[in-house]
Amino acid sequence: MLPMPRALLLDFGGVLADAPSAFTTPPELVRRLVELSGGVRSAEEVTRDLSDASQAYARWRDDVGNRERSMELPHARVWAEFLTPDWPAPAREAVEREATPLAYLWTWRPEWAVRPGVPEALAAAARAGLPMAIVSNTLCGAAHRDFLRGVGLDGRFAAQFYSDEAGPRKPNPELARLAARAVAVPVGDCWFVGDSVHRDIVCARRAGVGAAVLMRSPRTDREAPLPGFAPDAVVDDGHGLLALLRDAGAVDSSG
């Protein structure tokens with residue numbers, strides 16, 4: 001049985017919402033980048049550039065994911081390093097000026113959907129008085145905030161910490177510690193729920209949380225094994241998380 005939590009720290013993609021497994025190029029982002037390029041890049045070229053940039057950014061994420069003190073890149077650097085390094089200077093500068101709204105367009109996914117059982121688990125935790133915070137790596141946390149607001153879940157969280165806003169990037173344990181401090185609960189009394197062993201479970205262990213819970217998602221099965229960083233529990237969705245909370249005595253058995 002896991003120790004009773006006094007707070008919950010939760011990832012966004014793969015825990016609160018389903019994360020699309022395949023990159024889809026947002027048409028509005030392509031249109032805007034064509035405009036900002038001043039016509040020197042066609043829609044087809046921008047689409048190809050975005051695909052290449054997505055793969056390059058993913059490789060960078062995998063690389064920094066092996067560093068304990070990993071930090072997120074500012075929006076402008078993401079575009080400059082991964083999308084526009086070969087663009088003419090005026091086009092590069094135009095993209096840099098619009099770096100944050102462009103990052104929002106690149107992050108937002110119309111396919112996002114709340115994971116099964118998550119509303120019920122959050123509601124039970126709220127009734128039990130457990131403060132909750134989000135701890136998430138992302139290029140643009142504003143897109144995540146807007147999604148949660150749109151599905152009526154934003155009010156469940158006392159704090160939301162996203163790597164592009166806070167700076168630290170999981171598995172950097174400081175992101176979890178920031179969230180624990182924000183809800184005024186010692187990190188050792190928190191449960192951390194994530195879908196990635198390499199990012200979330202490692203972050204949780206390094207931060208010293210009370211329990212590290214792995215919620216399976218499509219990304220979970222794509223990860224290579226990581227000896228020494230086993231989760232304390234594994235669940236399939238929000239229903240499984242609610243069962244864990246009940247077993248630990250953290251929420252009412254009927255909640």
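Of the numbered criteria (1) modelled with pLDDT under 95; (2) over 18 Å from the mean Cα position of the chain (by Cα), the one Gly210 fails is (1).
Here is the figure for region 2-18: residues that are open to solvent by less than 10 Å² (accessible area, probe 1.4 Å) and more than 18 Å from the chain's Cα centre (by Cα) total 2. Tell me which residues, restricted to region 128-153, are more than 20 Å from Val185 (Cβ to Cβ) and free of Cβ contacts under 8 Å to residues at least 24 places away in the same chain. Answer for region 128-153, where residues must be more than 20 Å from Val185 (Cβ to Cβ) and free of Cβ contacts under 8 Å to residues at least 24 places away in the same chain: Arg145, Arg149, Gly150, Gly152.
Taken together, the residues in region 105-153 that are surrounded by fewer than 17 Cβ atoms within 10 Å (Cβ to Cβ) and among the β-branched types (Val, Ile, Thr) amount to 1. Helices (runs of 4 or more DSSP H) fully within region 165-255 that include at least 3 residues being farther than 27 Å from Leu139 by Cβ and either open to solvent by less than 20 Å² (accessible area, probe 1.4 Å) or out of contact with any Leu (no Cβ under 9 Å at 6 or more places or on another chain) (or both): 238-247. Of all residue pairs spaced 6 or more apart or on separate chains, those with beta-carbon atoms under 9 Å, a first member in region 91-117 that is farther than 17 Å from Asp164 by Cα and at pLDDT 95 or above and a second member that is outside any loop (DSSP other than H, G, I, E, B) and among the acidic types (Asp, Glu) are Ala94/Glu35.
If you filter region 68-88 down to residues that are more than 17 Å from Asp164 (Cβ to Cβ) and either charged (D, E, K, R) or open to solvent by 40 Å² or more (accessible area, probe 1.4 Å) (or both), you find that the one that is modelled with the lowest pLDDT is Glu68.
The values are calculated or read from the model by the stated rules, or taken from the named source; none is laboratory data. None of these values were measured; they are calculated from a predicted model. Positions of Cβ are backbone-derived with ideal geometry, glycine not excepted, and every protein chain shown enters the neighbour counts. For the accessible areas, the whole protein counts, side chains as well, though only heavy atoms, and no ligand, DNA or RNA atoms are used. Shrake-Rupley method; radii C 1.70, N 1.55, O 1.52, S 1.80 Å.
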